[in-house]
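Asker: Below is one structure. I have some questions about it.
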Amino acid sequence: MKRLYVAGKSGGHILPALTLAKAEQQQGDTVLFVALNRPLDRALLQNAPSGSECFYLTLATVYPRKWWCYPWYALQFAAALLRSLVLLRRTQPDEVVSMGGYVSIPVCWAARLLRIPYRLYEFNAEPGAAVALLARHAHEICYTFPELAVVLQHQHMHFCAYPVRYGAADCMPQAQARRVLNIPENSVVIFITGGSQGSRSLNELVKQAYGTLAPELRERLYCIHQTGAAEAETLWQWYVDQGIAADVFAYRDHMAAYYNAADSIVSRAGAGALHEIAYFGKRALIVPLEAATTSHQYANARAFVARNPQLWSMARTTEVDKIIRWIHGLVQEFQSR
């Protein structure tokens with residue numbers, strides 16, 4: 001079969017598309033990709049399976065309160081729909097596979113006009129706006145949170161495992177991972193990851209928490225910190241000034257060694273991050289990103305913590321004291337190790 005994957009704006013949409021596509025290409029299928037014309041999308045799709053084509057649409061982020069931009073949004077959407085029609089007629093895929101995100105809307109509408117079936121993936125505990133809009137005419141909806149089946153009613157819904165990008169070969173003993181990364185074996189290692197959209201505010205929360213640690217606790221601490229774009233150098237200097245050993249970076253594609261090396265993880269509640277933490281069996285403090293337009297990360301975090309409260313804890317962005325207590329408790333627990 002020839003499948004066209006549409007995903008954009010975040011790693012949470014694009015990375016599972018790449019994982020599924022690579023598996024299907026190994027079985028002899030042909031895969032294509034449509035994403036947004038953004039630096040992050042282009043960088044992630046450099047890892048697309050060899051020989052697959054990638055296409056990019058230009059769509060501005062829609063801000064509902066900026067009503068004066070609506071004519072511009074409409075013109076961009078019309079252009080994206082027209083380009084999607086031309087692209088689908090030329091490539092003639094057997095199926096369009098949407099991973100969510102607003103870039104999926106013009107592509108799936110074009111597919112319906114051309115009578116090409118489209119399948120939706122929803123990886124969150126609550127349906128995103130694009131999935132909710134496109135669900136009615138989808139020939140199949142695949143979901144990974146059982147909670148979603150209660151919210152989103154559809155005749156052809158199928159529960160599936162989240163397509164984690166790691167496998168058995170990526171797992172190694174903690175001591176070995178620390179040797180690979182040159183981390184002192186007796187350190188208390190915390191891995192902080194905010195994803196592609198929630199990093200900045202999480203960085204500030206973690207800085208507040210670390211700033212309250214006594215000097216003797218900082219000496220035992222080693223931080224792996226994925227900062228998101230544009231903050232890596234500034235945050236690295238902050239760690240130096242605080243006397244905390246750290247590996248700070250904006251983004252790295254393969255992070256299995258970091259998961260293996262960590263004692264615990266502080267993360268946003270994107271579906272991909274949660275399933276990867278669960279795959280490596282790590283303790284975690286989940287701080288969901290909450291915005292005016294969506295609460296899906298809060299629903300994701302609540303569902304995961306309910307499944308395994310011994311390993312998982314949750315704190316909202318406003319609960320700074322709770323985050324501080326969690327980090328203090330973790331460092332003190334491992335101090336005597």
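Asker: Based on the Cβ-Cβ distance of Gln27 and Cys171, what FRET efficiency does E = 1/(1 + (r/R0)^6) give at R0 = 22 Å, to the nearest 0.05? Before the final figure, lay out the partial values.
Answerer: Working: r = 24 Å, r/R0 = 1.11.
My answer for the efficiency is 0.35.
Asker: Please report the equivalent ellipsoid semi-axes of the chain, computed as sqrt(5 x eigenvalue) of the Cα gyration tensor, largest first, in whole Å.
Answerer: Values: eigenvalues 281, 86, 73 Å².
With the √(5λ) rule applied to the chain, the semi-axes are 37, 21, 19 Å.
Asker: Please tell me the relative contact order of region 187-337 in percent, rounded to the nearest whole number, where contacts are Cα pairs under 8 Å and at least six residues apart. All intermediate terms of the calculation are to be shown ahead of the outcome.
Answerer: Details: 250 pairs, mean separation 38.9, N = 151.
In percent, rounded to a whole number, it is 26.
Asker: Scanning the chain for helices, which whole DSSP H stretches are 30 Å or more long along the axis (Cα) and average 0.0 or more by Kyte-Doolittle? Each step should come with its number before you reach the end.
Answerer: Working: long enough: 70-91 (31 Å, 0.61).
Correct list, ordered by number: 70-91.
Asker: Taking the Cα centre of region 2-159 as the origin, how large is its charge dipole in debye, to the nearest 20, when only Lys and Arg (+1) and Asp and Glu (-1) carry charge on their Cβ atoms? Working shown, then result.
Answerer: Numbers: 15 positive and 10 negative charges, 118 e Å.
That gives a dipole near 560 debye.
Asker: Any idea what diffusion coefficient region 169-335 gets from Stokes-Einstein, in µm²/s, Kirkwood Rh on alpha carbon pairs, 20 °C, 1.002 mPa s?
Answerer: 135
Asker: Can you list the aspartates and glutamates whose alpha carbon sits under 20 Å from that of Lys9, skipping same-chain ones fewer than 8 residues off?
Answerer: Those aspartates and glutamates meeting the cut-off are Asp41, Glu53, Glu122, Glu126, Glu231, Asp253, Glu276, Glu290.
Asker: For the chain, what is the calculated [θ] at 222 nm in deg cm²/dmol (nearest 500), taking -39500 (n - 2.57) for each run of four or more DSSP H residues and dividing by its residue count? Could you put the intermediate results ahead of the total?
Answerer: Values: 14 runs with 144 residues, N = 337.
That comes out to -12500 deg cm²/dmol.
Asker: If the reach is capped at under 19 angstrom between alpha carbons, list the lysines near Lys322, excluding any in the same chain fewer than eight residues apart.
Answerer: Result set, ordered by chain and number: Lys207.
Asker: Kirkwood hydrodynamic radius (Cα pairs, Å) of region 142-224? Write out the running numbers ahead of the final one.
Answerer: Working: mean 1/r = 0.0592 Å⁻¹.
Result for region 142-224, one decimal place: 16.9 Å.
Asker: Okay, moving on. Given the Cα-Cα distance of Gln92 and Arg115 and 0.36 nm per residue of separation, how much length would full extension add, in nm? Present the calculation step by step, with values, prior to reporting the outcome.
Answerer: On the way: separation 23, 0.36 × 23 = 8.28 nm, distance 1.07 nm.
In short, 7.2 nm is gained.
Asker: Going by how many other beta carbons lie within 10 Å of each one, how would you line up Cys160, Cys108, Cys142, fewest first?
Answerer: Working: Cys160 11, Cys108 24, Cys142 19.
Result, fewest neighbours first: Cys160, Cys142, Cys108.
Asker: If you don't mind, there's one more thing I want to ask. Stretch Lys2-Glu53 to full length: gain in nm at 0.36 nm per residue minus the Cα-Cα span?
Answerer: Working: separation 51, 0.36 × 51 = 18.36 nm, distance 1.16 nm.
Full extension from Lys2 to Glu53 adds 17.2 nm.
Asker: Same structure again: How long are the semi-axes of the equivalent ellipsoid of region 29-180, taking √(5λ) for every eigenvalue λ of the Cα gyration tensor, in whole Å from largest down?
Answerer: Values: eigenvalues 169, 87, 67 Å².
They are 29, 21, 18 Å, listed largest first.
Asker: Could you give the length gained on full extension between Thr318 and Thr212, defined as 0.36 nm per residue of separation minus the Cα-Cα distance, in nm? Let's see the in-between values first.
Answerer: On the way: separation 106, 0.36 × 106 = 38.16 nm, distance 1.70 nm.
Residue separation times 0.36 nm, minus the Cα-Cα distance, leaves 36.5 nm.
Asker: Restrict the search to region 152-239; then list the GluC sites (Glu not before Pro) that DSSP places in a loop and that have at most 16 other Cβ atoms within 10 Å of their Cβ. Display every interim value, and only then the final one.
Answerer: Numbers: sites: Glu185, Glu204, Glu216, Glu219, Glu231, Glu233; in loops: Glu185, Glu231.
Here the GluC sites (Glu not before Pro) that fit, given the DSSP loop and packing criteria, are Glu185.
Asker: Now, a different point. For the pair Thr234/His156, report the inter-label distance in nm, with labels modelled 7 Å from Cα in the Cβ direction.
Answerer: 4.8
Just so you know, all these numbers are worked out from the coordinates, no wet-lab data involved. The structure presented is a predicted model; accordingly, all values stated were derived computationally and were not measured. Backbone-built Cβ (ideal geometry, glycine too); neighbour counts: all protein chains shown.
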